[in-house]
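**Student:** I have a structure I would like to understand better, so I am pasting it below and will then ask my questions one at a time.
Bear in mind these aren't lab numbers, they're just calculated from the coordinates by the rules spelled out. All values derive from a computational prediction rather than experimental measurement. Every residue, glycine among them, receives a Cβ derived from its backbone with ideal geometry; neighbour counts consider all protein chains shown.
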Amino acid sequence: MTSLDLGLARIRTAAGRAWSFWDSLGAWLKGKMPAGLYGRALLYQGENQHQQAIVDFTAANGLSPQKVEPLLGRATSYLALDKAKEAAADLDEAVQADPGSAMAWSARGQAYERLGDKAKAAKSYNRALNIRPKDEPARSGLARVGGKAG
């Protein structure tokens, strides 16, 4: 083996180790990113920077599509920006992913109430109240749309 071949072999070995390190680091970061993005999105919401929050909630949802929280967060920002149609779409997805989330059902009721669909709003508010009977936003929403608890 020539010194050139030996040098190339060492470079390949070092490069392989470096790629292995970066692959491991990437996998670790990917596991941490949804929580970090979600947290930053919540901070943006607190500062009424809803467009930025939507960007981070969307990224967090892409990394953890099985979680309801990014969908709920993004829907909340859509509602703050008077984008009830987009909020309703996210909340439809959220209640499918977690039918036991009273918060998702209550927020879905609010989105459909804003869209003028009182029947879907009432159904959503009722579902929230069946899960969490003391859900005050759902109770007052149900009263606004003229629905009956049940």
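**Student:** Could you pull out every residue, at least 5 positions away or on a different chain, whose amide H is within less than 5 Å of the one on Arg132? Hs are placed 1.01 Å off N in the peptide plane, and Pro or chain starts have none.
**Tutor:** Amide H neighbours of Arg132: none.
**Student:** What list do you get for Leu37, Leu63, Leu71 if you sort them by fewest beta carbons within 10 Å?
**Tutor:** Sorted ascending by nearby Cβ count, the order is Leu63, Leu37, Leu71.
**Student:** What are the ³J(HN,Hα) values, in whole Hz, obtained from phi via the Karplus relation 6.51 cos²θ - 1.76 cosθ + 1.60 with θ = phi - 60°, for each residue of segment 93-108 in sequence order, with x given for Gly and Pro?
**Tutor:** 5, 5, 6, 6, 5, 9, x, x, 8, 4, 5, 5, 5, 5, 5, 4
**Student:** Mind scanning Lys118/Lys148; Lys85/Lys120; Lys85/Lys134; Lys85/Lys118 and naming the pairs with a C-alpha gap bigger than 18 Å?
**Tutor:** Lys85/Lys134
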